[in-house]
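One structure is given below, represented as structure tokens, and several questions about it will come after.
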Amino acid sequence: MATIFGSGIRRREDPRLITGLATYTDDVALPGLAYAAFLRSPYAHARITKIDTSAAKAAPGVVAVYTAADLEGKTGTVPCAWNPPNCDLKVPAHPILASDKVRYAGDAVALVVAETRAQARDAIDLIDVDYDPLGAEVDPEKAAQPGAPVFHDDVPGNIGFTWSCGGGDAAAEFERAEVKVKLRIVQQRLLPTAIEPRSAVASYNKGTGQLQLWVTSQNPHIHRFLCSLMLKLPEHRIRVVAPEVGGGFGSKIPAYPDEAAVSFASMQLGRPVKWTEDRSENYKCTIHGRDHVEYVEMCGMKDGRITGIRSTVYAGLGAYASTAGPGIPTILHGLVYSGAYEIPHIAVTVHGVYTSGTPIDAYRGAGRPEAAYLVERLVDTFARAAGKDPAAVRHLNFIPKEKFPHTVATGVTYDSGDYGPALDKALALIDYEGFRRRQAEARTQGKYLGIGIGSYIEICGLGPSQVAGAVGFGAGLYDSAIVRVYPTGVVRVYIGASPHGQGEETTFAQVVAQEFGIPVENIEIVHGDTETTPQGWGTYGSRTTAVCGSAVKIAAQRVKEKARKIAAHLLEASEDDLEWTGTAWQVKGVPGTAKSFGDLALAANVAWNLPAGVEPGLEANAFFDPSNFVYPFGTHVCTVEVDGETGEVHIERYVAVDDCGPHINPVIVQGQIHGGVIQGIGEALQEIAVYDDSGQLLSGTMMDYAVPKASQMPHVETDYTVTPSPVNPLGVKGCGEAGTIVSAAAVVNAVVDALAPLGITHIDKPLTPARVWAAIQAAKGGAR
Amino acid sequence: MKRPVTLQVNGAARTVEVEPRALLVHVLRDELHLTGTHVGCDTSQCGACTVLIDGHAVKSCTTLAVQAEGSAITTIEGLGSPDALHPLQQAFWDKHGLQCGFCTPGVIMTATDLLERNPDPSDEEIRHALEGNYCRCTGYVNIVAAVKAAAATLRAARAAA
Amino acid sequence: MKLSFTGAPEVAAPLAVTWDRLMDPSFVSASAPGVEKVEAIDPEHFKVIVAFGVGAIKVRFHLDVELFDVQAPSHAKMRARGKAPGSTLDVTATIDLSESAPGMTRMAWRADSDVGGTVASVGARLLEGTAKKLTEQFWGDFARRVGAHAAA
Amino acid sequence: MIPATFEYIRAGSLAQALALLGSHEDAKVIAGGHSLLPVMKFRMAQPGTLIDIARVPELHGIDRHQGDLRIGAATTYRALLQSRLVSEGFPLLHECVEDIGDVQVRNRGTLGGSLAHCDPNSDLPAVMLVLGAKMVCVSAKGTRTVPAAQFFTSAFSSALQDGELLQEIHLPPLPAGAGTCYHTVAQAASGYAMAGAAVVVTKAGGKVTSAKVALTSSGDIGRVVDTSAFVGSDGGDAALAALGAAASALTDATGDLHAPADYRRHLMGVVTRRAAATALSRAK
């Protein structure tokens, strides 16, 4: 029992998932259910000159057709919930259904509700809309230039904000430095591609005035909050349920106009309405990630010391400011430019730019992979310019272990760290020296072998609420738990976070089991329903275990303390004379006196004999607000062979050494790393959302957007170091995003290393065969 | 223009009135309430909708229910239950071969087909066999481990039989 | 998705005859694959229903067609805006006729199309080859028929 | 993703299928449905009637017939992969089919369905061309045999006429000692070849004695490379390079999302060269 914390037990959520008995949103069946479908704009940017819904309204099975005119005055707009300070953020109105203009290909224009899915779909084709096309521009750098089409009348020039951060004196340092390198980096648009598309089932009871909304959400309480604004319905009349959720990766954080429109329809009709997006709809209308054009520079000394970094970033916001959109390229990006290094001089400028593309919001890692990528690309480029080994440069510049907690030039304070051992372990696992010998040999035979290192830190475990407020995040970042013990000694734990694959039904049960000395089978973790769970802020930003898990632990400790009072009373002993055996309270050194957790659960719940002043029942709640973010770190190393003729990249080995503090369940931690790494490799090698000049998403299906397949991806080798965080009682650092943070950088660094003999210093990801071949051709001076 | 279609679903004859255009996946989910089979794409790529038709893994989003008339359909619900897991289901649980679980039923159905054809697949053969089943959570590492483990279990069972 | 195609077939007919045929919507539409209906609003404006496609693929567009910058007998431009469920099509075409030899006309054309919606985001793989083929087929067929009529 | 409405009729025999095809305007034939249903779901195809030929007995089976291998048009990829007649007699076809789509697609998709679809990115036309396949087309008027070279007329259009079905594919035996190879570089998302080459070669006395090379994704369907210079050569690096250059030259200068025109042309040369080299190494 003593080892349940730290044990790789099987997941408790799995039996229902592997037998098809789990309920995802689209599985929700209700009497009288109607089905909704959206008519979406085929143009990226156009004025709507006519909408005629008469034929659709007359079509078989159609219950209602709504356009912006029907919502007028009855609903609000889609809110943006992150307003970073001191950047003059402009948030233009984002209507639930487009009224006068459409601003991206996929913007919703009308909603059809019909008796069946097929009838709703059929009726969409009967709505007649005339558009007057206006200019489109999806590239954030180009959209920021004079003369670009303007997408919002109240945002002339399309610049939604200009944000800066830094420390030291970068301008002076770049004057003084001996070695300077610069890169132009494009961090392409990515499609999050949770395999479960988004879905919403809204059921409004006109009698009670209550709306119940099942929705694919990573954060039902945030959804409740934002839906109340969109629907002008008080929050206490909304119950949001995130049932089983089939992956999110950030894309199910935002409140979308879709669930508001579906809820509106249910409120109008007084019957339940279901909508589930198609994949092609998902690719057009669910948020995208990344989308930066970056001009970045690094400087330092010939001995390999890095002294400065600066950047100008054009970060696409897309057509509208999504829920967390503006916070990602700023707070979650600019503040971590120091990476794992001591860099005294940092200057970051980020322009958030409205474009005519799908809105950009959080995608796994959200801002931090972009930062890690540019920092690690720069470190490699700098090392090459300084004539130093890239591993040695990293070692030289790592923040030393004894300096933690350490405040970097951007002003954030890293909680704890010991970066060298992770790098050394990764290099040893991959046999760095041996590879370098093999590489030298291969080069003599005209083969392109490369090795890439990525060392990272990330800022996660979001985070202190006070900081959330200070950085303009329109929510709290504490989390919560209620631990409720039943008379028979079994336990339900209600949590504010909303896991959707990360396994907290298991890890949190392990935390509680460890506290109470009971089997995990006696504990159920309840999440995802605002009706039963305490206020929390959801699952994203690798925060669930660090923040909500801590609340679980504290609530469990409170329960245990109450049990101790009762035990002392029953044993007629002083509380101070009791000791916890691991499964029971007993008088110190007197095993025969043990009151097991089960005994005390019964005693508390029947309340026949409680100490004076102690209320019946055995439950406690806790709201945990951490004192700081957590900063996981690690080093990933990747070896590749590049086919110089076809441009194909083959990953030979991929080694990830991560430090996310102690592991409550090491198997689950490893699984999180595996998945994160493969997402990063997909980003490095094959994933890109391609738009044409007219703002059409050309990679609009899985036929053209290359989600990594089993046959394409390498085995991922994992190892760990363990450095506890001092900022939460579990000491954990979060592992959900860790795998993704630096994996793209490691892969691209490896490919550039392979091609270095040709003089290639950078290739923009994704490193598709065509791009790699083109870079080789250009380097060889071949005709392109 | 609905018409009756009879399918042998998980061992039982089921007759449903459907339009010819009804996709098998929609009939399974909406008419027969077998919601373990999922829809993840439009283009026959992701494999979340994979079921067995007459023992062969098929994407039920690219099959009309009328095409499957008279065929034996096996869905994840028919493979095993929490009390009686199929060796593949057991192995996915044991090896942490799933996270959000959305793709998992389809992956397991395809793996069932693989292990019928090839009782002792290599890692590479497993990865090739699963290229029509996308998983965004696991990075496939533990899926491969799970299929290998299930293959071993099934081989042992066959040897014992 | 933007597509641009050009061509310059030789027409075995005098320039004036070729020009007259070009200005005759029923003659023109007989060359256009998939045209189902042409309705003349006035000499410069037409409503056209056309089913574009190859093999099993067929998308029916309703087009508003406008002739402009018409300089008889050698130059005209055409603008068409079309919609199909979920998809859009915007085309601008330029035609310049010149006498290449006595009784022969060189018909230089250029067509710039912009396709949007489902056809662009789903059908891009199918689109370019198909559109090129259809466009070239149209002008080739038109040139051949003008010549045939002139000879007849 | 729901197709528009249509009428569905399952044919129980070839005669019935042909009669239905003759009597239904706006009808499409469906077997596995893996080419047609995806476009129907996007409503980019809206046939009025689907005639299901998957269970027509005359369209199934793999056997030897007058020296050829005879394959029914409704034969699934799975059945092809399991056939020893195919893997032993036509390793090229086996090699190609192994990587078409994925397991689920191969379980359902049919050889005839793919060939009749005439997708220029499909792998099979090139293989059929170098194997010298003969397509048996049947209509109410009778059957006719169309060589592969005439069957694939252009992208998405075949020599099949209205009212006609592809019934069988006949493959003549490979030349004795022939080496074959199908090699592609696929785009990562759909798995369609960015460039692909199918090669059949024979050699004797250090010389190439015959060679057939056809291309996938060259811009149109069914492009065959002129091998007259390659035949008679030693099949060495220079000859392979020249063959590759011929394949590149035959490739349209049109690109797509995954393969810009210059890359595609270059890649066609590489895959052709590699396929030919492998085929030569396999030739006896």
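Considering amide H positions built from the backbone, and no H for Pro or chain starts, which residues 5 or more places from C:Val70, or on another chain, come under 5 Å of its amide H?
When sequence neighbours closer than 5 places are left aside, the close amide H contacts are C:Lys77.
Continuing with the same structure: Starting from the Cα-Cα distance between A:Arg47 and A:Ser627, subtract it from 0.36 nm times their residue separation and give me the gain in nm to one decimal.
Between A:Arg47 and A:Ser627, full extension yields an extra 203.9 nm.
Sticking with this one: Please list, or write none, the lysines whose alpha carbon is within less than 27 Å of the alpha carbon of A:Lys182, excluding same-chain residues fewer than 8 places away.
Filter leaves A:Lys142, A:Lys302, A:Lys388, A:Lys765, A:Lys780.
Turning to a different aspect of this structure: Taking the Cβ of A:Val748 as the center, what net charge do the other residues with Cβ under 12 Å away carry, scoring Lys and Arg +1 and Asp and Glu -1?
Cβ neighbours under 12 Å give a net charge of -2.
With everything on Cα atoms, drop me the angle between helix D:237-249 and the longest principal axis of chain D, reported from 0 to 90° to the nearest 10.
The two axes meet at around 40 degrees.
Can you list residues from other chains, or at least 5 along the same chain, whose modelled amide H is less than 5 Å from the amide H of A:Thr718?
A:Ala656
Report ³J(HN,Hα) in whole Hz for each residue of region B:70-77, in order, from the Karplus equation J = 6.51 cos²θ - 1.76 cosθ + 1.60 where θ = phi - 60°; Gly and Pro get x.
Using θ = phi - 60°, the values come out as x, 7, 8, 9, 10, 10, 4, 5 Hz.
Computed on alpha carbon atoms, what radius of gyration and Dmax characterise the protein assembly as shown, expressed in Å?
32.5, 122
With θ set to phi - 60° and the Karplus curve 6.51 cos²θ - 1.76 cosθ + 1.60, what are the ³J(HN,Hα) couplings of region B:88-94 in order, to the nearest whole Hz, using x for Gly and Pro?
Once θ is set to phi - 60°, the couplings for region B:88-94 become 5, 4, 4, 5, 5, 5, 4 Hz.
Nearest 10 degrees, 0 to 90: what angle lies between the long axis of helix C:118-151 and the longest principal axis of chain C (Cα atoms)?
Helix C:118-151 sits roughly 20 degrees off the main axis of chain C.
Suppose R0 equals 25 Å; then what is the FRET efficiency for A:Thr581 and A:Glu615 from their Cβ-Cβ distance, rounded to the nearest 0.05?
0.45
Modelled label-to-label distance, B:Met1 and D:Ala238, 7 Å Cα→beta-carbon offset: nm?
6.6 nm
Also, I was wondering about something else. Using a 1.4 angstrom probe on the protein heavy atoms only, could you order C:Lys47, D:Lys284, D:Lys28 from most to least accessible area?
Largest to smallest exposure gives the sequence D:Lys284, C:Lys47, D:Lys28.
While we're here: Measuring with a 1.4 Å probe in the full set of protein chains, what accessible area per residue, in whole Å², belongs to chain A?
On a per-residue basis, chain A sits at 30 Å².
Skipping prolines and chain starts, which residues have an amide H placed within reach, meaning under 5 Å, of the one on D:Ala195, given they are 5 or more residues away or on another chain?
Result for D:Ala195 returns D:Val185.
Kindly sort D:Phe151, A:Phe623 by accessible area of their heavy atoms, largest first, with the probe set to 1.4 Å.
A:Phe623, D:Phe151
Can you sort C:His62, A:His236 by solvent-accessible area, 1.4 Å probe, largest first?
Listed by decreasing accessible area, they come as A:His236, C:His62.
Over the whole of A:37-44, what's the average partner chain Cβ count within 10 Å per residue? Rounded to a whole number, please.
Mean number of neighbouring Cβ atoms from other chains: 4.
Nearest-5 percent of antiparallel DSSP beta bridges in region D:9-163?
Within region D:9-163, antiparallel bridges account for around 70 percent of the total.
Next up: In region A:176-210, which trypsin sites (Lys or Arg not before Pro) are in a loop and have at most 16 other Cβ atoms within 10 Å, using DSSP for the loop call?
Those that pass, being in a loop and sparsely packed, are A:Lys206.
Give me the aspartates and glutamates in straight-line cross-link reach of A:Lys733: C-alpha distance below 17 Å, same-chain residues under 8 apart excluded.
A:Lys733 reaches A:Asp415, A:Asp418, A:Glu458, A:Asp479, A:Glu504, A:Asp625, A:Asp658, A:Asp659, A:Asp719.
All other residues with a Cβ under 15 Å from the Cβ of A:Ser480 taken together, and with Lys, Arg as +1 and Asp, Glu as -1, what is their net charge?
Taking every Cβ under 15 Å from that of A:Ser480, the sum is 0.
If you don't mind, there's one more thing I want to ask. Could you compute the net charge surrounding C:Arg79? Neighbours are other residues with a C-beta less than 14 Å from the C-beta of C:Arg79; K and R count +1, D and E count -1.
-4
Then there is this: Rounded to whole Hz and in sequence order, give me ³J(HN,Hα) for region A:58-74 from the Karplus expression 6.51 cos²θ - 1.76 cosθ + 1.60, θ = phi - 60°, writing x for Gly and Pro.
After applying 6.51 cos²θ - 1.76 cosθ + 1.60, I find 8, 6, x, x, 6, 9, 6, 10, 10, 10, 3, 4, 6, 8, 3, x, 9 Hz.
Hey, how many Å between the Cα centroid of region D:1-50 and the Cα centroid of region A:526-540?
If you average the Cα positions of each part, the centres end up 48 Å apart.
What is the list of residues in region A:349-393 whose amide nitrogen lies under 17 Å from a point 7 angstrom out from the Cα of A:Met301, following Cα to Cβ?
Output list for this probe position: A:383, A:386-389, A:392-393.
Working from Cα positions, state the angle (0 to 90°, nearest 10) between the long axis of helix D:14-23 and the longest principal axis of chain D.
For D:14-23 against chain D, the angle is about 70 degrees.
Hand me the tally of lysine pairs in region A:516-611: alpha carbons under 17 angstrom apart, and the pair either on different chains or 8 or more positions apart.
Final tally of qualifying lysine pairs is 6.
Then there is this: For region D:131-237, just run the numbers: alpha carbon Rg, then divide by 2.2 N^0.38 Å, N being how many residues it has.
Scaled against compact globular proteins, the figure is 1.27.
In Å and whole numbers, how far do the C-alpha atoms of chain D stretch along each principal axis, longest first?
58, 45, 31
The values are calculated or read from the model by the stated rules, or taken from the named source; none is laboratory data. Given the structure is predicted, the values throughout are model-derived calculations rather than measurements. Note that we place each Cβ from the backbone using ideal geometry, even for glycine, and neighbour counts take in every protein chain shown. Accessible surface is based on the protein model in full, side chains and every heavy atom, while ligands, DNA and RNA are left aside. Shrake-Rupley method; radii C 1.70, N 1.55, O 1.52, S 1.80 Å.
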